[in-house]
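Working notes, beginning with the structure itself.
The values are calculated or read from the model by the stated rules, or taken from the named source; none is laboratory data. This is a predicted model, so every value here is computed, not measured. Quick reminder, even Gly has a Cβ in these numbers, built from the backbone with ideal geometry, and neighbours come from all protein chains shown. Side chains included, ligands, DNA and RNA excluded: accessible areas come from the protein's heavy atoms. Shrake-Rupley method; radii C 1.70, N 1.55, O 1.52, S 1.80 Å.
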Amino acid sequence: DLKWLLVHPQPNRYNWEPADSYVAFGEKNKMFIIGHCLVWHAQTPRWVFQDQAGNALTRDALLTRMKDHIITVVGRYKGRIKGWDVVNEALDDSGTLRNTQWLRIIGEGSPDKQYDHIENAFRWAHEADPNAELYYNDFGLEASKAKCDAAVAIVKDLKSKGLRIDGVGIQLHA
């Protein structure tokens, strides 16, 4: 209910009802509520990556959109959602960063910018709710040394920049 496609389906339009119900259920049942997920290559509407003419956004424009989305969504649930899957499945099975629009546009194909979309997502999630736990989430980390090592590299990079990251979620897809 918190994936971009569901909660922010169109520019300047948020659909809070499903997410509000999810959070209310968790609160009613005294659960530790996790928000899944803020940045993902899937279930993100096309408009996020395009200008009004349908052309790819610039790096700065996409960063602005990502920041607005994260600040708005995390800010709405500040103090209520206790942890966020900030970035989901940024790695492919070989342990390299997925060739997503997040990486292509924000990373600009440059090795020194390869983690920029991840770094900024974590920075803005923390800014929106400094008390929420922040996670990188992926699948197959337990089965692939290359992918696990790549997740560790992401965590080390974030930590070297003083960013908060509280854990790594490991999905067990069947």
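In the chain, the portion of solvent-accessible area held by carbon and sulfur atoms comes to 51 percent [1.4 Å probe, whole percent, DNA, RNA and ligands not counted].
Translational diffusion coefficient of region 15-105 at 4 °C, 1.567 mPa s, Stokes-Einstein with Kirkwood Rh over Cα pairs, in µm²/s as a whole number. Please report the intermediate quantities before stating the final value.
Working: Rh = 14.8 Å.
Answer from the Stokes-Einstein relation: 87 µm²/s.
Name the residues of region 82-103 whose amide N is less than 18 Å from a point 7 angstrom out from the Cα of Val155 along the C-beta direction? It comes to 83-92, 95-97, nothing else. Against the empirical 2.2 N^0.38 Å (N residues), region 78-174 has a Cα radius of gyration ratio of 1.05.
Residues whose amide H comes within less than 5 Å of that of Gln50, counting only those at least five positions distant or on another chain, are Leu57 (H built at 1.01 Å from N in the peptide plane).
Remark: spin-label model distance Met31-Asp51 equals 4.3 nm, labels positioned 7 Å along the Cα→Cβ axis. The orientation-averaged shadow of the Cα convex hull for region 1-66, equal to a quarter of the hull surface, comes to 4.9 nm². Seen from Ala143, the other residues with C-beta closer than 14 Å to its C-beta sum to a net charge of -3, counting Lys and Arg as +1 and Asp and Glu as -1. With a Förster radius of 22 Å applied to the C-beta separation of Asp93 and Val168, the computed FRET efficiency comes to 0.85.
Our helix-only sum for the chain, with -39,500 (n - 2.57) per DSSP H run of n ≥ 4 divided by its residues, gives a mean residue ellipticity at 222 nm of -11500 deg cm²/dmol.
Annotation: per residue accessible area for the chain equals 51 Å², rounded to a whole number [probe 1.4 Å, protein chains only]. Computed over the chain, the P(r) curve from all C-alpha pair distances, binned at 10 Å from the origin, holds 10, 39, 37, 14, 1 percent per bin.
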